[in-house]
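The values are calculated or read from the model by the stated rules, or taken from the named source; none is laboratory data. A quick note: this is a predicted structure, and the numbers were derived from the prediction, not measured. Glycine gets a Cβ as well: all are built from the backbone with ideal geometry, and neighbour counts include every protein chain shown.
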Amino acid sequence: MGIASKLWEFGDSKSSMASDPSHSYNPPTQNFKVKLSINDGVCTDFIEKDIKVNWLKADFKNIGSCINMPVFFNSITLHTEVLSAYRWDFSNNSKEFYPNPSTTFNKAQNYSVKLVVKDASNCQDSITKTISITSPNFTKLTAPGTLKFCEGKSIDLTAAKNMFYRWNTQDTTQSITIKKAGQFYVKAY
């Protein structure tokens, strides 16, 4: 006698009567009991196996979008296994190999940023997103008196009034005190 029917039960309340089915599981559950029942028209027999499904879904977010200023990237990858490898390609001749890198873009344009992640079970996933890099809109700066000063002295630079500030010195206040020569700019929000 041949096989009259097969019934696959995937352990997630879904089933199939196909001979050789494929099935996709939805996160976050990891462990499933899969059952295959075979009927020859007279008798039914079955086998059950416990399976573990590892979840890996690459994703990231970025902070910053101005040319010649750091753009910070954070992996927000969903995973159930330990992540063993990261590979970032920023489309600016720069690559990084850790979870939360930064890079600088020198042209105002769209860039394709790709993140490839691999977990301890050698599962791999990737995502590519387009980010838009723009020229910054710098805020007007004021300084009391001349912008020249002698060594050992300082000058205060003040940005126009806004709510948030980010200087190229990494300061986040409305005013900064400069004690050495250089180029200074601020982005105000």
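Taking the stated definitions as given, is residue 17 at pLDDT 90 or above and either loosely packed, with under 12 Cβ neighbours inside 10 Å or out of contact with any strand residue (DSSP E or B) (no Cβ under 6 Å at 6 or more places or on another chain) (or both)? So residue 17 passes the test. Mind checking whether some residue in the stretch 80-88 is surrounded by 13 or more Cβ atoms within 10 Å (Cβ to Cβ), closer than 21 Å to residue 168 by Cβ and of a type in the set (A, V, I, L, M)? No, there is no match, as no residue in the stretch 80-88 is surrounded by 13 or more Cβ atoms within 10 Å (Cβ to Cβ), closer than 21 Å to residue 168 by Cβ and of a type in the set (A, V, I, L, M). Residues that are within 18 Å of residue 121 (Cα to Cα) and surrounded by 13 or more Cβ atoms within 10 Å (Cβ to Cβ) are absent from the stretch 37-48.
Would the stretch 54-70 turn up any residue that is more than 29 Å from the chain's Cα centre (by Cα) and either surrounded by 13 or more Cβ atoms within 10 Å (Cβ to Cβ) or under 24 Å from residue 12 (Cα atoms) (or both)? No, there is no match, as no residue in the stretch 54-70 is more than 29 Å from the chain's Cα centre (by Cα) and either surrounded by 13 or more Cβ atoms within 10 Å (Cβ to Cβ) or under 24 Å from residue 12 (Cα atoms) (or both). Among the residues of the stretch 12-64, those that are touching a Phe, Trp or Tyr at 6+ places or on another chain (Cβ under 8 Å), part of a strand (DSSP E or B) and among the β-branched types (Val, Ile, Thr) comprise 34, 38, 51, 63. Among the residues of this structure, residue 97 does not count as one that is closer than 29 Å to residue 185 by Cα, at pLDDT 95 or above and not basic (Lys, Arg). Highlighted here are the strands (runs of 3 or more DSSP E) found entirely within the stretch 88-189 that include at least 1 residues which are under 19 Å from residue 57 (Cα atoms): 110-119, 124-132.
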